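Down below is the structure, laid out as structure tokens.
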Amino acid sequence: MASTESEKNIKRRRILKAAASAPVVFTLPMGTALAANSISCAVKSADRAANETVAGVTTAPDAWMRFSLPGFTINQSGGPVSGFNFDGRWFRVNGDGSVTVVTPNGTPRANGVTYYALVDYEAYSLGQPASMYVYTGTPIDNPIAGASCWNSLEGTALTGNVIN
């Protein structure tokens, strides 16, 4: 029995609807591919740090992952200096972003400044305490550039370059 043109159109529509509603298979990247991308992110950050000057401490977040610390005015024999307290020690922040350990004369006063210290990713990832991964004068060998790189390494969803 011959089908009419109308019946043929109905059959075509059914086939198209079935095809359109069929599940679509998405291919997800393998874990090894994601890990390789993360590792290259860490390597790129290390290469970048080797080829540019990275301040250990800044007064504003920048392209590098940082740890925030409240600022203080610390009285010294030569006059007051700006710095922060970390892990029970006081640090003066120098103009080049380096720090010097100081002993306060009297009680330091909060000055409203927030300092941002560079973070060593390797020490952080090994579960070391913050005193081991936050810059306090010891060179940072494994800085990470940017929250997206940090997120790919840690599987987190930070939206800024400060981890605390």
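The numbers here are math on the coordinates, done by the rules we state, and not lab data. Treat the numbers as computed from the prediction; the structure is a model and nothing was measured. All Cβ positions, even for glycine, are placed from backbone atoms using ideal geometry, and neighbour counts span all protein chains on display.
For the range 90-103, the Karplus equation 6.51 cos²θ - 1.76 cosθ + 1.60, evaluated at θ = phi - 60°, returns couplings of 9, 10, 8, 8, 7, x, 8, x, 7, 10, 10, 5, 10, 10 Hz by residue, with Gly and Pro reported as x. Between residue 115 and 69, 71, the built amide H atoms are under 5 Å apart, and every one of these is 5 or more places off in sequence or on another chain. Partner aspartates and glutamates whose Cα lies under 15 Å from the Cα of residue 17, excluding those fewer than 8 positions away in the same chain, are not found. The residues packed around residue 7, meaning those with a beta-carbon under 13 Å from its beta-carbon, carry a net charge of +4 if Lys and Arg are +1 and Asp and Glu are -1.
Using a simple charge model, +1 on the beta-carbon of Lys and Arg, -1 on the beta-carbon of Asp and Glu, nothing else, what dipole does the range 31-154 show about its Cα centre, in debye to the nearest 20? Don't skip to the answer; put the middle values down first.
Numbers: 6 positive and 9 negative charges, 73 e Å.
So the magnitude is around 360 debye.
With the charge dipole of the range 47-164 set up from +1 on Lys and Arg Cβ and -1 on Asp and Glu Cβ about the Cα centre, the Cα lying farthest toward the positive end among the listed residues 143, 108, 86 is that of 108.
So what are the range 69-164's ellipsoid semi-axes, whole angstrom, largest first, if each one is the square root of 5 times an eigenvalue of the alpha-carbon gyration tensor? Working shown, then result.
On the way: eigenvalues 163, 35, 24 Å².
Output for the range 69-164: semi-axes of 29, 13, 11 Å.
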